[in-house]
Amino acid sequence: MTTVSKAYPVNIKGELTVMPSRWLWIFKWLLIIPHAFILYFLEIAAVVVWVIAWFAILFTGKYPKSLFDFSVGVLRWGWRVNFYSYSALGTDKYPPFALESMPDYPADLDVVYPAKLSRGLIFVKWWLLAIPHFIILYFLGIFSSILVIVVALCLLFTGKYPASLFRLIIGVNRWSNRVSAYVFLLTDEYPPFRLWDS
């Protein structure tokens, strides 16, 4: 089972290549502690990069490529950890400690580098224009958390991950990551209000 989005400049990959184990999800909170620790500092650095990029876009209309790659890398790392852990429970393959794309890992994220970005949008897109998405994602996040609990119980008692639930959970994560990329100024293309690409 594979879910790959390509219609929007933020591309999310999530593959249920091997059925997760019945019980490992119980301990994943412990296993992700090293990632959570590193991501905490990476996300602080990403906020600093966001501020620098904001001024760079204001004066040049461009997001410096090295800073762009770093920001995308932080989002990518976070998505892999989320896919492994309690945002999806999509794999038991431990996430790599890397900002770079890892094609052999079942979850990946990429953002198309924009040749030019709007200087005016930087004043409103990271908060005002994103408000409708924040509101919807708040409720979708609650819904998705409930679905992940259902998935955990399905894995525990049946050893199976229902395909329909996987599609819904990945859809919520896709939406959330697209909005994150938009708020992080990585694209000017407004995120679509949908869980899937078609």
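Coordinate-derived values only; no laboratory data. As the structure is a prediction and not an experimental result, all values here were calculated from the model. Counting neighbours? That spans all protein chains shown, and the Cβs are built from the backbone with ideal geometry, glycine included.
Structural remarks
- Whole-Hz ³J(HN,Hα) from phi, Karplus 6.51 cos²θ - 1.76 cosθ + 1.60, for the range 52-58, glycine and proline x: 4, 5, 4, 5, 4, 5, 4
- Added length on full extension, which subtracts the Cα-Cα distance from 0.36 nm per residue, ASP197 to SER118: 26.0 nm
- Count Lys and Arg as plus one, Asp and Glu as minus one, and take only other residues whose Cβ is under 13 Å from that of THR60; the net charge is then +4.
- If you bin all the Cα-Cα distances of the chain at 5 Å, starting from zero, the percentages per bin are 1, 8, 16, 19, 20, 16, 10, 5, 3, 1, 0, 0.
- At full extension, LYS62 and SER164 could sit 32.7 nm farther apart than now, given 0.36 nm per residue minus the alpha carbon distance.
- With Rh defined as the Kirkwood radius, the inverse of the mean 1/r over Cα pairs, the Rg/Rh of the range 158-198 is 1.13.
- Part-to-part distance (alpha-carbon centres) for the range 144-196 and the range 79-93, which is given in Å: 11 Å
- Under 16 Å from LYS62, Cα to Cα: lysines that are on another chain or at least 8 residues apart: LYS116, LYS125
- Angle between the chain longest axis and helix 163-183 axis [Cα atoms, degrees, rounded to 10]: 20 degrees
- With at most 14 other Cβ atoms within 10 Å, longest stretch of the chain clear of loop chymotrypsin sites (Phe, Trp or Tyr not before Pro) (DSSP): 24-96
- LEU99-ILE44 pseudo-label distance in nm [points 7 Å out on the Cα-to-Cβ vector]: 1.6 nm
- Net charge contributed by nearby residues that have their C-beta within less than 10 Å of TRP196 (K/R +1, D/E -1): +2
- Label separation (PHE134 vs ALA36): 2.5 nm, computed from points 7 Å beyond Cα along the C-beta direction.
- Stretch gain in nm, segment TRP126-THR17, where the contour uses 0.36 nm per residue and the Cα spacing is subtracted: 35.8 nm
- On the principal axes of its alpha carbon atoms, the range 18-73 extends 53, 24, 13 Å, with the longest extent given first.
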